[in-house]
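In what follows, a structure is listed as structure tokens, so that the remarks can point back to it.
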Amino acid sequence: MSDQTPTKGEEMTAINLEITDRMVLNLDVGDLNSAISLTKSLSEYFSYVKVGSELYAQAGLDAIQAMQDLGKKVFLDLKIHDIPNTVERSLAVHASRGIAMTTVHASGGKEMLLAAKRGLEQGAKEAGVDTPILLGVTVLTSLPPDHRAFSQRLSWIDEVGCDLVCSAHELSTVRDFSKSVKALVPGIRLSGQSSDDQTRVATPYDAIRDGATWIALGRAVYGDKDPLGAAKRVYEEVEKALH
């Protein structure tokens, strides 16, 4: 038996892409250089990275391109909400940039969701890239639960044939309502971590066990005293929940 220490490349071959494809790293760190540094340091554990409104405002298209250059799938989280025609045209442009996933506010209604879907499909077709996953944001995890609003938005999402963003506490409702709708769950924290400004949080294990397709997390990792260790703990919890 060899007593050689595995190289970093050898260690990374042991990472299961089935698991990293479930994990989204939120790049809510203020500037592009910080986002690039964070992504590189945690690269092996995350297939997706989230470019949200803060980083997009700071770096724009450069942020998308930088993450794609690092081999990451870009989740463009701008939570667009406008009249259907504007949403359709805007998302056609975003889709042409090769993003993997994006969001609109489901409160915009069924017609807006349909327009968003059309825009993504058309923009991707014209650019010769894959159509991004469309996620309808139901109720922000920083807000108290609103069961009536959630149920209405879930119904629209199911009719349109897109996926959604919801808290882990609503996963059972999604699962009972539809077997086809997939859920991205933010507000993820490891056991013992502060919930910060989130009111509805869950551990990675609980979220995946209860039906989340993807989990998105930022401060739970980069806010930890050992970010790489925290990312590994998240990975291990997802692995345990899946298997």
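Bear in mind that the values in this text are calculations on the coordinates, not laboratory data. From a predicted model like this one, the values you see are computed outputs, not experimental measurements. As a convention, Cβ positions derive from the backbone with ideal geometry for all residues, glycine included, and neighbour counts pool all protein chains shown.
The table below lists the values:
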quantity	calculated
Computed log₁₀ I(q)/I(0) - Debye formula, equal Cα scatterers, no solvent, the range 17-242, q 0.13, 0.16 Å⁻¹	-0.72, -1.12
Exposure proxy order (Cβ contacts within 10 Å, fewest to most) of VAL104, VAL174, VAL29	VAL29, VAL174, VAL104
Per-residue HN-Hα couplings for the range 221-226 [Karplus 6.51, -1.76, 1.60; θ = phi - 60°; Hz; x = Gly/Pro]	9, 6, x, 7, 5, 10
Which of SER107, SER172 has the fewest Cβ neighbours within 10 Å, and the rest in rising order	SER172, SER107
Flagged links, alpha-carbon separation over 25 Å, of LYS72/LYS232; LYS79/LYS225; LYS117/LYS232; LYS117/LYS182	LYS79/LYS225; LYS117/LYS232
Binned Cα-Cα distances of the range 68-173, short to long, each 5 Å bin given as a whole percent	2, 14, 24, 23, 17, 11, 6, 2, 0
Taking the chain and dividing mean pair separation by its residue count, relative contact order in percent (alpha carbons under 8 Å, at least six apart)	16 percent
Percentage relative contact order, the range 110-243, counting C-alpha pairs under 8 Å, at least six apart	19 percent
